[in-house]
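A short worksheet on the structure shown next.
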Amino acid sequence: MSKNIALITGVTGQDGSYLSEFLLSKGYEVHGIIRRSSVDYRERIAHLEGTPNFHLHYADMGDSMSLVKLVGKVQPTEIYNLAAQSHVQVSFDAPEFTADVDAVGVLRVLEAVRTNHLEKTCKIYQASTSELYGKVEEVPQNEKTPFHPYSPYAVAKLYGFWIIKEYREAYDMFCCSGILFNHESERRGETFVTRKITLAAARIAQGKQQCLYLGNLDSLRDWGYAKDYVECMWLILQHDKPEDFVIATGVQHSVREFTDLAFKYAGITLEFKGEGMNEVGVCVAVSNPDNNALIGKELVKVSEDFYRPTDVVNLWGDPAKAKKELGWNPQTTSFEELVRIMVTHDMQKVAADHVAATMRTNLAEYLEKGLVK
Ligand code: NAP
Ligand code: F7E
């Protein structure tokens, strides 16, 4: 039997790390692309390094030659193209870089496969996004909902979606897009709204932060758990024909609801008062008496800094096709469980960071006093 060999671009990201674990557990040989940076920051996959079937290679989505050479060397049977400048707000600040990586990068991967004559043996998964629906034209959104991208990120991803479809039709390649709605986890980047909230709730509950500043609290998202979603990426490539799928939970919540629940799990009950830019989340109760001083304090405030020139405010996915054709369960992890997992993790992280910082301070003091050599 021939071996399953996966090549993952974006292996150091949230999804890349979970997908690596998933594919390794299925017996795949997993190859990941990393890029040079001045700091070796590979926290999410550090536990996998040294695993016999796990290999890392330097390449870059902006460098065709590196991709062509790597695809030729690895001879993958499946490519998961997850690499992207994935932050929507940052795409307004770096639109050209976003287009190069998120749009032309997809073309580079497709051409790397063709250049190596692997079109008939290598399947390709493209990390597409609910941001394509943007200024939404219907609710909830499914595979037939028209696209209306509403940020430089979404416009770049739209090119990625269409070039995948084009190569499928023009060259009969097995390439598909998963149109994934927001999926989060304890490994989520710290500037995405969910992780920003769970970290802030944990820090405030442990006296390390005074206040959390957010943008649009009314924004609505269909939030799932990243660990559940990587299984679906794999299922899309195991389907008998190449097709695109919406991956979502089918349940929608606002940024305000996420904030409210996260603080609750951190032991702080909030009440939201006021409107628009003047809205605040006030602490009305605490579960830990050490935090009594928080009662009456405005712990959540709105800041213009986190508003976007155009914002997508009503995402709600319909996962019926994935459920029916892939047998995927969109409800494996509920919204409440997702928030609980993230807050529990961040409460422990903040406590551990505090212990580490105290040890560093103590060590510095002991060194200064000559108590340790
Ligand atoms: P992420 O945590 O931001 O990870 C992005 C990955 O892309 C990182 O490994 C990053 O490497 C890599 N990358 C960026 N630019 C690169 C370049 N020029 N060359 C090589 N690698 C590069 O994103 P994620 O949340 O895991 O999302 C994975 C994919 O799904 C992305 O394409 C994203 O746009 C898409 N998506 C995500 C969601 C979601 O809710 N998470 C929803 C829909 C679609 P470094 O570590 O070196 O920065
Ligand atoms: O924002 C609002 C913000 O940055 C969600 C990426 O993975 O999912 C992600 O993109 C909502 C937006 O994610 C803050 O305006 C309010 O309406 O967590 P986010 P995103 O933009 O939905 C899609 C599917 C992807 O494909 C992307 O790669 O929350 N919001 N206040 C805020 N957002 C942030 N970041 N920070 C705030 O303070």
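The figures follow:
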| quantity | calculated |
| --- | --- |
| Count of the stretch 331-352 residues which are open to solvent by 80 Å² or more (accessible area, probe 1.4 Å) and closer than 12 Å to Gln206 by Cβ | 1 |
| Filtered residues of the stretch 121-142 (kept if in contact (Cβ under 8 Å) with a residue 12 or more places away in the chain and assigned to a loop (DSSP other than H, G, I, E, B)) | Thr121, Cys122, Tyr133, Gly134, Lys135, Val136, Val139, Pro140, Asn142 |
| Top-ranked residue in the stretch 181-193 [being surrounded by fewer than 23 Cβ atoms within 10 Å (Cβ to Cβ) and not small (Gly, Ala, Ser); ranked as farthest from ligand 1 (Cβ to nearest atom)] | Glu186 |
| Hits in the stretch 1-38 - residues which are among the polar types (S, T, N, Q), without any contact (Cβ under 8 Å) to a residue 40 or more places away in the chain and either open to solvent by less than 60 Å² (accessible area, probe 1.4 Å) or part of a loop (DSSP other than H, G, I, E, B) (or both) | Thr12, Ser20, Ser37, Ser38 |
| Lone qualifier among Glu119, Glu49, Glu78 - being out of contact with any helix residue (DSSP H, G or I) (no Cβ under 6 Å at 6 or more places or on another chain), among the acidic types (Asp, Glu) and either surrounded by fewer than 23 Cβ atoms within 10 Å (Cβ to Cβ) or farther than 30 Å from Val312 by Cβ (or both) | Glu49 |
| Search result, residues across the stretch 39-88 that are of a type in the set (Val, Ile, Thr) and either at pLDDT 95 or above or assigned to a helix (DSSP H, G or I) (or both) | Ile45, Thr51, Val68, Val71, Val74, Thr77, Ile79, Val88 |
| Lone unmet requirement of (1) open to solvent by 50 Å² or more (accessible area, probe 1.4 Å); (2) touching a residue at least 40 places away in the same chain (Cβ under 8 Å); (3) in a helix (DSSP H, G or I); (4) not aliphatic (A, V, I, L, M) for Thr98 | (1) |
| Any pair with Cβ under 6 angstrom, 6 or more apart, that starts in the stretch 78-91 at a residue that is β-branched (Val, Ile, Thr) and ends at one that is more than 9 Å from ligand 1 (Cβ to nearest atom) | Ile79/Leu7; Ile79/Ile124; Val88/Ser151 |
| Of the criteria (1) out of contact with any Leu (no Cβ under 8 Å at 6 or more places or on another chain); (2) farther than 30 Å from Leu237 by Cβ; (3) of a type in the set (S, T, N, Q), which one Thr259 fails | (1) |
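The values are calculated or read from the model by the stated rules, or taken from the named source; none is laboratory data. Just so we're clear, the structure is a prediction, and the values are computed from it rather than from any experiment. Backbone-built Cβ (ideal geometry, glycine too); neighbour counts: all protein chains shown. Surface accessibility is based on the protein's heavy atoms, side chains included, excluding ligands, DNA and RNA. Shrake-Rupley method; radii C 1.70, N 1.55, O 1.52, S 1.80 Å.
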